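We did not get these values from a lab; they are worked out from the coordinates using the rules stated. The structure displayed is predicted, hence computed values, not measured ones. Note that each Cβ is placed from the backbone with ideal geometry, even for glycine, and that neighbours are counted across all protein chains shown.
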Amino acid sequence: MSKVKSSETVKVVIRCRPLNRKEEAAAAGVTRTPGGVGGIVEMDMRLGQVVLWNPHGLPGEPGKTFTFDSVYDPSSKQRDLYDETVRPLIDSVLDGFNGTIFAYGQTGTGKTYTMQGVWLEPERRGVIPNAFEHVFTQISRSSADRQYLVRASYLEIYREEIRDLLDPNMHAPHVPNVHTHTHRTLELRESPESGVYVRDLTSCVCKSVKEIQELMNLGNQVRSVGATDMNEHSSRSHTLFLITVECSLPGPDGRQHIRVGRLNLVDLAGSERQAKTGVHGERLKEAAKINLSLSALGNVISALADGRSGHVPYRDSKLTRLLQDSLGGNAKTVMVATLGPAPQHYEETLTTLRYANRAKNIQNQPRVNEDPKDALLREFQKEIAWLRAQLSHREGRGKHRKEEGEEGWDGEGDEEGEEKVEKERMLQEGRLEEEKEAIREDGSLLAEEKQRLLGEKERMMGDLKKEWDATEQLTAKYKAMESKLLVGGKNIMDHTNEQQKTLEIRRQEIAEQSRREREIQQQVMVQDEETLELKETFSSLQQEVEAKTKKLKKLYAKLQCVKAEIQDVNDEHVRSRQELEQTQNQLTRELKFKYLIIENFIPLEEKNKIMNRLTFDPEEDQWKFTPLVPAERSGQFSQMKKRPASAVGYKRPISQYARVSLAMGAHSRYRAENIMFLELDMTHPTNVSLDHRPSEVGPNYNPYPTDNVPHRERAARVRMSRSWCQTPRAITSSTSTVSLATHSTATPTAAQ
Ligand code: ADP
Ligand code: MG
């Protein structure tokens, strides 16, 4: 199924936002810093370089330099980033590749601004609205032999739970207040065909930019209510908007092939350290869980960039599993790392840059997804073809009736067609009416015959009506389905005129050019350093010494940089270890507390029972109870426990104590069956031979003494209760053999 298979790295771009008002005010008294007024970040857009200056560094300390695929300084426009970096990715998605764009960075550095921007201002629209526009415009401009089906899904990961933001239940009108409606959490599944996916995720077919925007708005409404403070919430959940573009196009073999491209648009939660925000206790634990995704993401990036460690911990969080294909798998990926220029966030900015720098080395293997089994477009096409066949069949029958020779059902469904169909219907009905009238007027027919013929015509009319109704339904369904498919160059009106189109193309070309220029510049820079020294020839010893000293100085500075870097990394490592230890201590304390409760308040037996039933589900990262009924028998009656077997001769289970008490004629509560006394059998119960051995009982033994009425009653009762027993026999128990009707006084001996 793979057509184009090659390896490429994750594209990493850096974007720095302008200073905000607060930061500007703070920087008012500051003289010019290396990174502009009040800033510590210096960017060279032409070279794709970022230099970060340490605000607390010693004078003369060099800045830290990083090189990326491209960098965008505070003056850059949304459009620049889109045209240069995102546009090629979206084009690939339309060609059937998987694509991912994710924004990473500290809270408040412009992740959401980059991904969404300001929808109402075309200049400030972010990646997502521009991508919507792009997808539908490209479809409308593609050749007419292509059919497209576009679907969208929207989810968020909040506290390690996946929530469907387009869940119809969340948006149903009967839900009075979405604020109180609980989110349904979804599970992750994996299939060889489509990789990791979210089970039961709502997916909506979209026909236009407007529709897909509405979906996004709908999802955002539900999203914004998770927490009281919108800002708080936005920094605590990751959102993913997924667009699936299925395209059917004729292949070289003349058959239709389907390509499926999936585009993930991810807005991550803020990457800052929770410890820095000074949260403790419950909040810290919550934060640990929220941050789990991000630290797992960092680990995945490190493991992939490293290339040496075989194990990539995708399974450590929901986010990394969802991005599994995007990081080191079948996808083209762009990471936008966002920075703030203010000195107070030096540490975070450095961490972000380091992350981004590492991510550059991740190798992906994108390929075109051709003819996957689960393509929805194929199902749509099949269904439409079937409906079309049905309709043309019906049309054919209609024509047959009419005996006219027109071509088959054209399926256009336009106004003219509808009018034609309506006319045809009227015509047929009119003809039947006429025929009925003719029969009524016909004097040569007998009254009986007339009635029969009229009835027949009536039935024909009924049939005709039914058929028309069915056809109408089919047509409506056909139209609904067909309208969902977008045909290249047809469905969407392209409002842009030629001039605008050329402008767009020019812009693309420029973006492409500057990208290439930058790549070449970066290459030249690297080569310069290597080759310069080789070419040098020295005319005198003195000159050589000078040159070598210069080189030495340069190398020494480089060495210092690397040393400082090592120190930094070590510091950071120690810091993060301390944080982890702190979290661990907290959790251990919590665990000890829980253990204390368990040890002291839960009986050992109960505890063991629970422990035996627990199993760990790695898929969901949770402990679960195994069902009481084994899985193979869990059918219709899975919830039912099997009834315990009854003791021999009894209908229902009965305890030994109860059995003995019953035999001894003790309290009536032990009578488990035939509790009612029914005087049916009035014959003297002498013929009853129960299983007692008179020889052991004694010569004066009378089993049914007439002077003792209650005893007699009991005997009769017992006898009746035995009446449904197949064979009267002794009931053996582990301690005694008791005959049922044995008189209480005889029991001790009988039992021996
Ligand atoms: P995040 O999603 O990373 O937490 P936001 O996207 O919400 O951050 O950005 C925080 C603020 O900074 C917003 O008010 C936004 O308008 C502003 N901002 C971010 N990036 C830029 C930019 N490149 N140009 C202008 N304003 C920006
Ligand atoms: Mg945000």
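Laid out as a table, the results:
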{"item": "R440 paired with I505, simple spin-label distance in nm, labels 7 Å along Cα-to-beta-carbon", "result": "7.0 nm"}
{"item": "Förster-model FRET efficiency, 22 Å R0, N217 and D91, C-beta, rounded to 0.05", "result": "0.25"}
{"item": "Label-point separation, R21 to R613 (7 Å along Cα→Cβ), nm", "result": "5.9 nm"}
{"item": "Whole-number D in µm² s⁻¹ for the stretch 14-169, Kirkwood Cα-pair radius fed into Stokes-Einstein, 37 °C, 0.692 mPa s", "result": "176 µm²/s"}
{"item": "Flagged links, alpha-carbon separation over 31 Å, of K22/K360; K111/K624; K360/K554; K332/K554; K332/K563; K318/K501", "result": "K22/K360; K111/K624; K332/K554; K332/K563; K318/K501"}
{"item": "R0 of 22 Å, Cβ-Cβ distance R459-K423: FRET efficiency to nearest 0.05", "result": "0.40"}
{"item": "Mean Cβ count within 10 Å, highest first, over the residues of peptides 502-511, 476-485", "result": "476-485, 502-511"}
{"item": "Distance (nanometres) between label positions extended 7 Å along Cα→Cβ at Q543 and A564", "result": "3.4 nm"}
{"item": "Length released on extending from K479 to A447, taking residue separation times 0.36 nm less the Cα-Cα span", "result": "6.8 nm"}
{"item": "Relative packing of 217-223, 381-387, which averages over residues the other C-beta atoms within 10 Å, highest first", "result": "217-223, 381-387"}
